[in-house]
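The values are calculated or read from the model by the stated rules, or taken from the named source; none is laboratory data. None of these values were measured; they are calculated from a predicted model. Methodologically, a virtual Cβ is constructed for each residue, glycine included, from the backbone with ideal geometry; neighbour enumeration extends over all protein chains shown. Surface accessibility is based on the protein's heavy atoms, side chains included, excluding ligands, DNA and RNA. Shrake-Rupley method; radii C 1.70, N 1.55, O 1.52, S 1.80 Å.
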Amino acid sequence: MRRIRLTVAYDGTDYVGWQRQPNGISVQQRLEEAVCALTGTPHRLHSSGRTDAGVHARGMVCHFDTVSRLPLKAWRDGLNSKLSADIAVRDAVEVAPDFHARFSATGKHYRYLILGCRTRSPLERRISWHVKKPLDLARMRGAARSFIGEHDFVAFRTSGCAARTTVRTVFDVSIEADGDLIRIDVKGSGFLKNMIRMMVGTLVDIGLGKRPESAVAAMLKSPEDAPPALTAPAHGLCLMKVYYDLERGLADGPE
């Protein structure tokens, strides 16, 4: 038995999310169908986490066990030959039997894209949130510093979140502009359901002057007294990378 780890990129626009759902087609379903078509045998894929409907990925990680002796190149190129253009396997490696895409992960990097200009862009419409009014990036950066560290993020999770604890550690939040595109990069140990989208929504409110720069710190300290966080649209969010413990010899995969 071999354990194969895949690094997968996808445009989440036309999917109900990563995980199989009864109400539509998921990325997991399409990948499992491709593995079955390649090997002739059904396989169950285990992922590093879930992405919601409309969310994209550049570095989703999943693994599966197989008795197939196909070479690693076949897992990448063979699967890509059976996938639609909006899903691609970027890397395939054989890993130790105790590796788990979810439980071995030590951190994740997400990026949120905002298009900050009055006119919409047909080219970025599927991957960015169009915000027409000017954003004060200095205020947003000042507020974002309060996210860094270990905090109770109960004010930044959706009502359907089933996590056992709402305490999470954020390693870094950076906000950079490249022309009209604004990148918000968030790295942390793990995230609650809709946590990053609610972080971004709050930062945008601050950048528009709808909330004070101190709003993030206040929401973390006294969530019951703060107005609910605005949830940014799903299509601006992308899972960039999943990190693993390099001391155990587990490569992080491609950038």
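Look at (1) open to solvent by 60 Å² or more (accessible area, probe 1.4 Å); (2) of a type outside the set (Ser, Thr, Tyr); (3) farther than 25 Å from LEU237 by Cα and you find that TRP75 fails only one, number (1).
If we scan the range 40-47, do we find a residue that is in a strand (DSSP E or B), open to solvent by less than 70 Å² (accessible area, probe 1.4 Å), at pLDDT 95 or above and within 15 Å of ALA9 (Cα to Cα)? Among the residues of the range 40-47, at least one is in a strand (DSSP E or B), open to solvent by less than 70 Å² (accessible area, probe 1.4 Å), at pLDDT 95 or above and within 15 Å of ALA9 (Cα to Cα), which makes the answer yes. When ALA53 is tested against the conditions (1) touching a Phe, Trp or Tyr at 6+ places or on another chain (Cβ under 9 Å); (2) open to solvent by 50 Å² or more (accessible area, probe 1.4 Å); (3) farther than 24 Å from TRP129 by Cβ; (4) of a type in the set (A, V, I, L, M), the lone failure is (3). For the range 126-163, name all the residues that are free of Cβ contacts under 8 Å to residues at least 40 places away in the same chain and of a type in the set (D, E, K, R). LYS132, ARG141, ARG145, GLU150, listed by residue number. One residue stands out in the range 221-245 among those that are among the acidic types (Asp, Glu) and part of a helix (DSSP H, G or I): the one that is least open to solvent (accessible area, probe 1.4 Å), namely ASP225. When you scan the range 176-220, how many residues do you find that are open to solvent by 30 Å² or more (accessible area, probe 1.4 Å), of a type in the set (Gly, Ala, Ser) and assigned to a helix (DSSP H, G or I)? Residues in the range 176-220 being open to solvent by 30 Å² or more (accessible area, probe 1.4 Å), of a type in the set (Gly, Ala, Ser) and assigned to a helix (DSSP H, G or I): 2 in total.
Residue selection: ARG3 fails the criterion of being at negative phi and open to solvent by 60 Å² or more (accessible area, probe 1.4 Å). All conditions in (1) under 18 Å from the mean Cα position of the chain (by Cα); (2) more than 29 Å from GLY116 (Cβ to Cβ) hold for ARG157, with the sole exception of (2). Taken together, LEU113, LEU70, LEU137 contain a single residue that is within 23 Å of the chain's Cα centre (by Cα), over 19 Å from LYS193 (Cα atoms) and aliphatic (A, V, I, L, M), which is LEU137. Here is a list: ILE114, ILE127. Which entry is farther than 30 Å from LEU70 by Cα, in contact with a Leu (Cβ under 6 Å, 6 or more places away or on another chain) and not polar (S, T, N, Q)? None of the others qualify; the one that does is ILE127. The set of residues from the range 157-172 being among the hydrophobic types (A, V, I, L, M, F, W, C) and open to solvent by 60 Å² or more (accessible area, probe 1.4 Å) comprises ALA162, VAL167, PHE171.
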